[in-house]
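Participant: Take this structure first; my questions come after.
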Amino acid sequence: MQLSPAQREEFFDNGFLVIGGFYDPADILAVQSGIYAIIGAVMARHGVADTRPDFSAAAFDAGYMDLIRQNRAWGGEIYDLVKEIPAFTRLIAHPAHETIMRQLRPGAVPALTAGGSGIRIDNPNEDRFRAMWHQEYPAQLKSPDGLVFWSPLAPITEDLGPVMLCPGSQREGPLPVCHADPENAGRSGAYALKLAGETELLSRYDKVAPLSKPGDLVILDFLVLHASGYNRSDRPRWSMQFRYYNLANETGRGHGWTGSYAAGVDFRSVHPELFVEPGHG
Ligand SMILES: O=C(O)CCC(=O)C(=O)O
Ligand SMILES: [Fe+2]
């Protein structure tokens, strides 16, 4: 996987890059088929009759909305199980991720954040689980020059709420955060963090929300400002995230490549200067 000079320039200018048709369709199909099987297994566990059509890429999540309408907690079971699909685990360490990182971070020694990969299921109108505007670094730590590889499992349309990004915002460097109030009601860990001076900061940037489809890849700089969109459709928004960091990065080396919330660490113990009390941002 060789990036063109124009693609590299686009990434450095914007802090993100969309690559169409990046993954082998068979690899994506295997993950969708795994999700189909898990939905069936959860139906069977709860005695729900399985009247779904046979598996197809277009309807891999058939039955899911009916299940969560019956009992929202069953959606939580599916959310935890889909991370254990072998085909998903194979994609986490896809060789092309390392190849891309070596091209976008010259001299990098790519490493994979344990627990830093996942499958998001953004259900319609569940704004409580949206990611507010954030940089990846405080939420993940490891190294500030890390990359998020983001890829949808269903076609992303406007009404599904594509991820929003501020092009060029990665040049701000690591930005201070505070605890959101009152927005943090029901939020914890990285989800409760809000950028200090968010309104002023966001007013200085354009916001874009690129559409994508299964097999496409969106690469995000660990420092680019981004947020979940608002799912106002009647379908879940399925997407995969793979997170890589750089063992050759000096800041990472300085704190021992510590992880953040996923590793049970409060990032404030590593970067106290990046936290401000509400009202001081
Ligand atoms: O998919 C989303 O809504 C948020 C994505 C995100 O913040 C990430 O992948 O780091
Ligand atoms: Fe993020």
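Here, each number is a calculation from the coordinates, and none is a lab measurement. What you are looking at is a predicted structure, and each value in this text was computed from that prediction instead of being measured. Don't worry about glycine lacking a Cβ; one is built from the backbone with ideal geometry, like all the others, and counts go over all protein chains shown.
Participant: Quick check on this structure: which one of 175, 153 is touching a Leu at 6+ places or on another chain (Cβ under 9 Å), in contact (Cβ under 8 Å) with a residue 24 or more places away in the chain and within 26 Å of residue 18 (Cβ to Cβ)?
Facilitator: 175
Participant: I need the full set of residues from the stretch 214-239 which are within 23 Å of residue 27 (Cα to Cα) and within 9 Å of ligand 1 (Cβ to nearest atom), in order please.
Facilitator: Correct list: 218, 220, 237, 239.
Participant: Answer with yes or no whether residue 177 is within 15 Å of ligand 2 (Cβ to nearest atom), out of contact with any helix residue (DSSP H, G or I) (no Cβ under 9 Å at 6 or more places or on another chain) and among the β-branched types (Val, Ile, Thr).
Facilitator: Here the answer is no, as residue 177 does not meet what is asked.
Participant: Against the condition part of a loop (DSSP other than H, G, I, E, B), away from ligand 2 (no atom under 14 Å from the Cβ) and without any contact (Cβ under 8 Å) to a residue 60 or more places away in the chain, how does residue 186 come out, does it pass?
Facilitator: yes
Participant: Using the structure shown, decide if residue 197 is under 23 Å from residue 172 (Cβ atoms), of a type in the set (Gly, Ala, Ser) and away from ligand 2 (no atom under 15 Å from the Cβ).
Facilitator: So residue 197 fits the description; yes.
Participant: Which condition from (1) within 30 Å of residue 225 (Cβ to Cβ); (2) among the aliphatic types (A, V, I, L, M); (3) more than 24 Å from the chain's Cα centre (by Cα) is the one that residue 41 breaks?
Facilitator: (1)
Participant: Next question, about the same structure. Scan the stretch 155-173 residue by residue and report those that are within 15 Å of ligand 1 (Cβ to nearest atom), outside any helix (DSSP H, G or I) and not small (Gly, Ala, Ser).
Facilitator: Passing the criteria: 155, 156, 157, 162, 163, 164, 165, 166.
Participant: Which of the helices (runs of 4 or more DSSP H) contained wholly in the stretch 40-154 include at least 1 residues that are away from ligand 1 (no atom under 16 Å from the Cβ) and aliphatic (A, V, I, L, M)?
Facilitator: 64-70, 72-82, 86-92, 95-104
Participant: Limited to the stretch 239-270, what total is found for residues that are among the aromatic types (Phe, Trp, Tyr) and away from ligand 2 (no atom under 16 Å from the Cβ)?
Facilitator: Going through the stretch 239-270 one residue at a time, the tally reaches 1.
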